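Report on the following structure.
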Amino acid sequence: MKRSVIAAALALAAAPVTLEAHKPTKTRFTYHRDVLPIFESRCGSCHHEGGVAPMSLLGYKQTFPWAVSIKNQVLSLSMPPWFADERYGVFRHSSALTATEVNTIVDWCLGGTPEGNPGDAPARGAGVASRERPEDAPDMVLELPETFVLEADRGEARHEARLEVGLRRDRLLRSIEFRPGRPNAVRSALLFVVPKGSKPGAPAASWVAGEGAEVWPEGRGVRLPAGASLLVRIHYKKTWLDEGKEIRDRSAVALYFSKGKAKPIESLVVEARGGVGVYPLPRDVELLSLLPKVEAPLDLLLAEAVLPDGTTLPLIGLRGPDPAWPRTYRLEEPILLPKGSRLRLTLTSTDEASLSAAHTLVLNVVRD
Amino acid sequence: MVTTWLPLGWIVAAALSQVDGRPELIWTCPVHREETSTVAGLCARCGRPLVRARVTVIWSCPLHALSEPGPGKCRVCGRDLHPVSHEVFFVCPMHSEVRELEPGFCRLCRMALVSSTGPRPHQDHNPKHGGIFFMAPDAWHHLEGTYPEDGVFRVHLYDDFSQPLSAKAFKGRVVLNESFDPVTRETRELLAYPLLPSRDGSYLEARVPNGSLPLEIAAKIQFEKDGPFERFDFVFAHLSTSSETVPQTVGDLVVPEEPEAVAAAIIERGGRVKSLLARGAFNEIYVPALEAKDLALALEAHVSSAPNPASLAWALKELVRAAWLLDDYGDLGNKEQLLLAYDRFEEASERIASTYGLTR
């Protein structure tokens, strides 16, 4: 039989006792030994010096004053901003906290935020969240044609820029990487491939602060036709550290072309108006990733595939998705969906106005 | 090892591990004395460097300023004594400004210092009048609701040392009936009565016609001028009597080896949370909630071998979050927040139960 540590401490109190003020909230966790490794792996890609978050969590003195806020954010599921509910699908690069991690953080926040021994800290950067990107150099790096200026009196802006690629023949992209010029002000970006003479369709890739490149699975790629351009929609948002300051940014996009043959990735778009959307699949496909584009806060976004035999297969479930974080969720394993399946998108919100917004779900697939 | 709000179990441990007859030294904030640590550092609230202090437990009457070194009854009124954390220091009998951590001699007059104790904030949340004790969201004001006789509801107000405050400084009302519009998310009070200060200012009182037991009543108190009216939910199963104490045993938590048994223990704690919630014992909910949380953490080691690992992992995480919220909201006595947290707790419990084929 095991006995928990907290119980051992409780047992020290004479029993029976009357109500204790503020309860036994002592913590056995210290910042350097227990908390910092979690912050490095789950939060550090944004919460570092100069990152998009307004405070670093990678140093004790910077972190402990935020203990109450950290506890509230973690308990309310607001942070880390990873909204996929693991009951509906398993995705790569999850920043979701485990039960033990939630408990360690909250217990430490409530239990006196002890620093502990700096010598217990993991090697610097050892646990920082994966920022996936190809190991080789990009084939092409395209900067924004002009520097974008976010004026001193504006806190937030959305900016659209067209990047001319200048290809003379069709290519397939195996990876695309958005590179923020001012990482502390660029919150997210959507990238569209726009064939010559066409209008932008569904985004080919997305990026949110803290992420690396979009690296598609081996043998899969996004088609970049000759003469096509890239459209980049960037969301800028200042932290209070930059309030009243002018921000200048010239972000860039790095392109990595496929070396050999690859199957082209297509985007299927399911629109949900009034809370429900249905899309019948015209062919067999292999589902690689999903990009929910939420236009207003929701309680739940649920995407399922109703297979021809009537079986319902959950694809993704997002709890409390936030429009500020348009993230692509990449499946750990591709899902094969047969022709005749019906993709069903169901949205839930206590706010009717939120449901009436034009929410969409982009499914990145290849023909099977 | 570090603590804040000075948990009693730790204080008892510190008191038991006395060095040279004196309680062990801890670190505490010179301003926020409830912030404590076993190592040097900075106050989590204000960033000031922590200073040394000694703490111990004395047993105090909830009503009379009498204390004993151990459990027992008050010599005046016979009430059970309650454990309360105190700081231990050495003072000069002649110079009150001389206060040292170690015994010795006064630096001003060379008289021998004598041992003394002083209270610490947030160490006594025991009701003084047999009622129900809550802390306000500002973490400074505290209050106790009592129902001493049919049709009479009273609120006693305290500071963070649980010292009485004059009720004349506060405004409030009690709400016996209200409606909630789910569309506008607004609550309308249908039946409310003012809380008026007693003549001597020792409490706020409202006359509650037809206030038959069990009585569910919400008090809305304004602590600061122009501040919000904070809500506190009370449930009285019987009349408050000043001799009544709140029994609350915190026992040893035994974590079974088998995951099915751990799951069953979680479900059992869930039942206790539900029962406490139903009878309005909000400030007791933390015990089964945090025990369930510890059990859930123990169960996490079995996730990979569970029938539906992803579902169980989600449930454990959800339960841990909900347990901490129940602990938090239980202090504040806000039923609406507690019910929302309990919904999450219950959903997670159901998922754990179904994982192991248990019925709730």
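Where a number appears in this text, it was derived from the coordinates with a stated rule and is not lab data. None of these values were measured; they are calculated from a predicted model. FYI the Cβ positions are ideal-geometry reconstructions off the backbone, even for glycines, and counts take in every protein chain you see.
When Rg and Dmax are taken over the Cα atoms of the stretch A:211-286, they come to 18.6, 53 Å.
Expressed as a fraction of 2.2 N^0.38 Å, the C-alpha radius of gyration for the stretch A:257-307 is 1.47. Sorted largest first, the spans of the alpha carbon positions of the stretch B:132-236 along the three principal axes are 41, 30, 20 Å. First select every other residue whose beta carbon is under 12 angstrom from the beta carbon of A:Asp249; then total the charges, Lys and Arg +1, Asp and Glu -1. So the environment of A:Asp249 carries a net charge of +3. The Cβ shell under 10 Å around B:Asp138 holds other residues with a net charge of -3, Lys and Arg each +1, Asp and Glu each -1. Could you please state, rounded to a whole Å, how far the C-alpha centre of the stretch A:212-287 is from the C-alpha centre of the stretch B:161-194? Answer, in whole Å: 52. Here the Kirkwood formula puts the hydrodynamic radius of chain A at 22.7 Å, using every distinct Cα pair.
Computed over the stretch B:111-192, the P(r) tail beyond 16 angstrom holds 66 percent of alpha carbon pairs.
In whole percents, the pair-distance distribution calculated for the protein assembly as shown from its alpha-carbon pairs, binned every 10 Å from zero, is 3, 12, 20, 22, 18, 13, 8, 4, 1, 0. In this structure, the residue pairs whose Cα-Cα separation is over 22 Å, taken from A:Lys237/B:Lys317; A:Lys199/A:Lys293; A:Lys199/A:Lys339; A:Lys71/B:Lys317, are A:Lys237/B:Lys317; A:Lys199/A:Lys339. Taking one quarter of the surface of the C-alpha convex hull of the stretch B:259-355 gives a mean projected area of 5.0 nm². Per-residue 3J(HN,Hα) values for the stretch A:41-56, derived from phi via the Karplus relation 6.51 cos²θ - 1.76 cosθ + 1.60 with θ = phi - 60°, read 7, 9, 10, x, 5, 10, 8, 10, 4, x, x, 6, 7, x, 9, 7 Hz in sequence order (x marks Gly and Pro). The relative contact order of chain A comes to 18 percent, based on Cα pairs under 8 Å that sit 6 or more residues apart. Shielding of peptide A:63-76 by partners, expressed as the average count of other chain Cβ atoms within 10 Å per residue Cβ, is 2. Shape class for the stretch A:195-248: oblate, because the ratio a/c of the largest to smallest gyration tensor axis (alpha-carbon atoms, square roots of eigenvalues) is 1.5 or more and b/c is at least a/b.
Using only alpha-carbon positions in the stretch A:216-368, the gyration tensor eigenvalues give semi-axes of 29, 25, 12 Å once each is multiplied by 5 and square-rooted (largest first). Kirkwood radius for the stretch B:174-300, taken over all pairs of different Cα atoms as the inverse mean of 1/r, rounds to 18.0 Å. Evaluated at q = 0.11, 0.13 Å⁻¹, a Debye calculation over the C-alpha positions of the stretch A:143-261 (equal weights, vacuum) places log10 I(q)/I(0) at -0.39, -0.52.
Under a Cβ-Cβ cut-off of 9 Å, what is the net charge of the residues other than B:Leu195 that fall near it, where Lys and Arg count +1 and Asp and Glu count -1?
Numbers: positive: B:Arg154, B:Lys171, B:Arg173, B:Lys220; negative: B:Glu205.
Taking every other residue near B:Leu195 into account, the sum is +3.
Taking the square roots of five times each eigenvalue of the Cα gyration tensor of the stretch A:59-158, the equivalent ellipsoid has semi-axes of 32, 21, 19 Å, listed largest first. Computed per residue of the protein assembly as shown from DSSP H runs no shorter than four, each worth -39500 (n - 2.57), the mean residue ellipticity at 222 nm is -5500 deg cm²/dmol.
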